[in-house]
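Before any comments, here is the structure.
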Amino acid sequence: MRPMVRRIAAIALAIAAAGCQQPAPPAQTPVAAAPAPNSATAPSAPTPAAVAKTPAVVVPSLDFAPGPLYFCESSSGRKAIEYEPRVEQLCRRHPEMGPCQYERDQCRAHGGRVFTARNEEVTVAVEAEYDRVVRRVRFQGDSGKK
């Protein structure tokens, strides 16, 4: 009876090991190197490494001018977004933080657009970049308990 148990265990182990293996990576076809152009006849083209990649989203400058950090511009005009002094200090250092983002989101919720004091717009794409840089953990309160 013991040899039968060992065989079953060995078969189960082999099946489990086979199921955990990752598929082989796709085969890569070799790329033939292009002959070097004659420098006397061919104009020099920039190499892909030399071309600088431009960022998809331009994040506003963190060099805030004295005074209000942000302005909410809507159809009714331009209004400064006011923060409590401690929150303003935090937002000057870390504009991606929740209290700063909350006020900007409130402006957008009422149909406004957010600008810095240097007239740089803080778009939803900029907010997404802030979220990408700073991973947030958001907890829901006691929403379901009574």
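From the phi of every residue in the stretch 97-103, what ³J(HN,Hα) in whole Hz does the Karplus formula 6.51 cos²θ - 1.76 cosθ + 1.60 yield, where θ is phi - 60° and glycine or proline is x?
5, x, x, 5, 5, 4, 5
Given +1 on the Cβ of Lys and Arg, -1 on the Cβ of Asp and Glu, and no further charges, what dipole in debye does the stretch 70-133 carry about its Cα centre, rounded to the nearest 20? Numbers along the way, then the final one.
Numbers: 10 positive and 12 negative charges, 31 e Å.
With only Lys, Arg, Asp and Glu charged at Cβ, the dipole is about 140 debye.
So if we plug the beta-carbon distance of SER75 and ALA128 into 1/(1 + (r/R0)^6) with R0 = 25 Å, what FRET efficiency do we get, rounded to 0.05? List each step's numbers first, then the result.
Working: r = 25 Å, r/R0 = 1.01.
The formula returns an efficiency of 0.50 here.
Laboratory data are not the source of any read-out in this text; all were calculated from the coordinates shown. The shown structure was predicted, so the numbers you read here are calculated from the model rather than taken from an experiment. Virtual Cβ from ideal backbone geometry, glycine too; neighbours counted across all protein chains shown.
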